[in-house]
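Asker: Encoded as structure tokens, here's the structure I'll be asking about.
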Amino acid sequence: MIWFFDKEGERLRYEIVRDPSAGRYRVIITRPDGSESIEEVDEPTELVERSVKLMDELRSDGGRVA
């Protein structure tokens, strides 16, 4: 799944991917400058909890879903 967040004319990409071979989920955030942060989680519940927290942080920082 992919979401885009806009803030002051810049776009951030928020992506969730599943690695079936490892059985893990990755949350990949790509910033407008091209830098990335990647977090890996094992459980779907952990993924949902972490995603909610990260998206709330992005929104509180002025980002909005595009």
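Asker: For the chain, what is the accessible area per residue in Å², given a 1.4 Å probe and the full set of protein chains? Can you show the working numbers first?
Answerer: Details: 4510 Å² over 66 residues.
Ligands and nucleic acids excluded, the result is 68 Å² per residue.
Asker: Okay, helix-only estimate at 222 nm for the chain: each DSSP H run of n ≥ 4 adds -39500 (n - 2.57), divide by all residues, round to 500 deg cm²/dmol; what do you get?
Answerer: Working: 1 runs with 17 residues, N = 66.
That comes out to -8500 deg cm²/dmol.
Asker: Of the listed values (i) -0.57, -0.77, -0.95, -1.03; (ii) -0.34, -0.52, -0.89, -1.29; (iii) -0.35, -0.52, -0.85, -1.16, identify the label whose number matches log10 I(q)/I(0) by the Debye sum over Cα atoms at q = 0.13, 0.16, 0.21, 0.26 Å⁻¹ calculated from this model.
Answerer: Derived directly from the coordinates: (iii).
Asker: Please sort by residue number the GluC sites (Glu not before Pro) in the chain whose DSSP state is loop and whose Cβ has at most 15 other Cβ atoms within 10 Å.
Answerer: On the way: sites: Glu8, Glu10, Glu15, Glu36, Glu39, Glu40, Glu46, Glu49, Glu57; in loops: Glu8.
Within the chain, the qualifying GluC sites (Glu not before Pro) (loop, at most 15 other Cβ atoms within 10 Å) are Glu8.
Asker: Put +1 on the Cβ of each Lys and Arg and -1 on the Cβ of each Asp and Glu in the chain; which of Gly62, Val48, Gly23 then has its Cα farthest toward the positive end of the dipole?
Answerer: Positive-end residue among those listed: Gly62.
Asker: Just by accessible area at a 1.4 angstrom probe, what is the order of Val65, Val48 from largest to smallest? If you can, show how the numbers build up before the last one.
Answerer: On the way: Val65 65, Val48 90 Å².
Descending order: Val48, Val65.
Asker: Roll a 1.4 angstrom probe over the protein heavy atoms and tell me the percent of accessible area of the chain that is carbon or sulfur.
Answerer: Numbers: 2210 of 4510 Å².
About 49 percent, which is the carbon plus sulfur part of the accessible surface.
The values are calculated or read from the model by the stated rules, or taken from the named source; none is laboratory data. All figures in this text were calculated on a predicted structure; none of them were measured in a lab. Cβ atoms come from the backbone with ideal geometry, glycine included; neighbour counts cover every protein chain shown. To get the accessible areas, we keep the full protein, side chains included, count just its heavy atoms, and leave off ligands, DNA and RNA. Shrake-Rupley method; radii C 1.70, N 1.55, O 1.52, S 1.80 Å.
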